[in-house]
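Notes follow once the structure below has been shown.
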Amino acid sequence: MVTWGERRGNAHRSDPTRSPGRHRVLVVEDDQALRDSLVDWLDVRGIEARGVQHGQAAFQVLRDGSPACAVLLDLDMPVMNGWTFMDIQREDARLAAIPVFVLTGMPDPEREARLMRAVAGLSKARPAGEQLLRLLAQHCLHH
């Protein structure tokens with residue numbers, strides 16, 4: 001599993017002199033290419049990101065004390081899907097306040113986000129870069 005700020009391939013690690021208030025986003029996506037692309041895209045923009053392949057792995061990361069100020073969550077994944085992740089997250093007092101942005105290939109991502117009581121829905125089919133950056137600035141919990 002890749003740790004915060006570590007990139008695959010070039011073993012880049014986060015600069016420990018960077019601001020401790022830097023955003024940390026947990027990307028939960030089973031498609032490895034998309035997950036890696038999102039993690040790298042966020043990192044290039046100064047946002048630490050860590051990727052995992054399903055909801056169960058996300059809980060392991062979050063419950064092991066790795067801070068995240070937001071979760072970018074796919075819905076359709078093996079082992080534990082996004083809907084189950086959200087149900088369990090809401091019941092865990094330590095994790096319930098972390099904002100979740102739904103990432104989906106479904107036709108209406110905002111509808112899916114409303115149904116799940118997530119902060120926002122983002123489409124896999126349309127680049128959501130600027131929208132994601134605005135959402136993080138508005139909703140990300142600072143650690």
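Every number in this text was worked out from the coordinates using simple rules, so none of it is lab data. Nothing here was measured: the structure is a model prediction, and the numbers come from that model. Cβ coordinates were reconstructed from backbone atoms using ideal geometry, including for glycine residues, and neighbour counts include every protein chain displayed.
Couple of notes before you dig in:
- Once the Kirkwood radius over Cα pairs is known for the range 54-138, the Stokes-Einstein relation at 37 °C and 0.692 mPa s delivers a diffusion coefficient of 252 µm²/s.
- Fewest-first ordering of 88, 98 by other beta carbons within 10 Å of each residue's beta carbon gives 88, 98.
- Packing, as the average of other Cβ atoms within 10 Å across residues, places the peptides 130-137, 51-58 in the order 51-58, 130-137, highest first.
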